[in-house]
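Participant: I have a structure I would like to understand better, so I am pasting it below and will then ask my questions one at a time.
Coordinate-derived values only; no laboratory data. All figures in this text were calculated on a predicted structure; none of them were measured in a lab. Ideal geometry is used to build each Cβ from the backbone, glycine not excepted, and the neighbour counts take in all protein chains shown.
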Ligand SMILES: [Zn+2]
């Protein structure tokens, strides 16, 4: 703990709010105001993965052509990691926690982003998880295996906890996800009795409801936040790619555990987001991940902003 305090104090002396985001690539952006609530997007960094993971059910040629024709690089997919934060007065509710220090290069920058933005970790009252994949969940504990937020209550979907803690989880996920399973179990055990569960459909905190958006993982949820007369949706990984998730919702990303269910979830969600003109943050959508959804031809498009 003394390390982060020293770093925070040192950064404050350097005018950290201006300098540190440039130095680390980390960023905190105000995305929306809902009554007395403010929605922020805070960056945990970005990771680069093979573009082939965007759709496992397409030929490499078709995928590469589609990406290139729409201005995306056909080889790699650079994925930002956008943690959503709800500020109410001096208190904060976090949705997801970044990757921590044990995942891919370029991730794990949340703690330094919070220091730079002047957000006191002791003021975080709750942390809600969309799912237990590494890039959302492993950052819940720091380099000393202590909770990143000392005073927070943590909560994850019940179905998600059950799935990853099951004795036969390694038989249920491909070998490439065995590391994910081990990491999910480690962090669940480290959070111990600070970690509660909730069910999709429940109001998990005042004015914050968990929406069933399963498919990406078994228990994946998104969150609907109310404030004033407005609503806002934090998607997690229900929609991950700014082109493919919107224009080709039926394509199947390699990271979706249940491909068919994830497709059904995307179609239903996109229809609602476009019809109700709801603003969103997607964990891996570009920039701060914020925007909205419009209908386009027989599908949809992501409108950043
Ligand atoms: Zn993710």
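Participant: Please express the Cα-Cα pair-distance distribution P(r) of segment 146-223 as a list of whole percents, one per 5 Å bin, running from 0 to the bin with the greatest distance.
Facilitator: With a bin width of 5 Å, the distribution comes to 3, 15, 23, 22, 21, 12, 4, 1.
Participant: Using only DSSP helix segments of four residues or longer, with each worth -39500 (n - 2.57), what per-residue ellipticity at 222 nm results for the chain after dividing by its residue count and rounding to 500?
Facilitator: -8500 deg cm²/dmol, from helical runs alone.
Participant: I would also like to ask the following. Calculate the all-directions average of the projected area of the chain's alpha-carbon convex hull, and give it in nm².
Facilitator: Averaged projected area of the chain's Cα convex hull equals 15.1 nm².
Participant: In degrees between 0 and 90, to the nearest 10, how far off the longest principal axis of the chain does helix 259-275 point, with axes built from Cα atoms?
Facilitator: Roughly 80 degrees, rounded to the nearest 10.
Participant: Computed over the Cα atoms of segment 151-305, what is the ratio Rg over Rh, Rh following Kirkwood?
Facilitator: Dividing the radius of gyration by the Kirkwood radius yields 0.98.
Participant: Highest mean first, how do 222-233, 94-105 rank when packing is the count of other Cβ atoms within 10 Å averaged over residues?
Facilitator: Going from most to least packed, we get 94-105, 222-233.
Participant: Sorted by packing (mean other beta-carbon atoms within 10 Å per residue), highest first, where do 171-179, 268-276, 149-157 land?
Facilitator: So the peptides 171-179, 268-276, 149-157, ranked by packing, come out 149-157, 268-276, 171-179.
Participant: To continue, here is another question. Once all Cα-Cα distances of segment 21-84 are split into 5 Å bins that start at 0, what whole-number percent is in each one?
Facilitator: Percent of Cα pairs in each bin: 4, 16, 18, 14, 12, 14, 12, 7, 3, 1.
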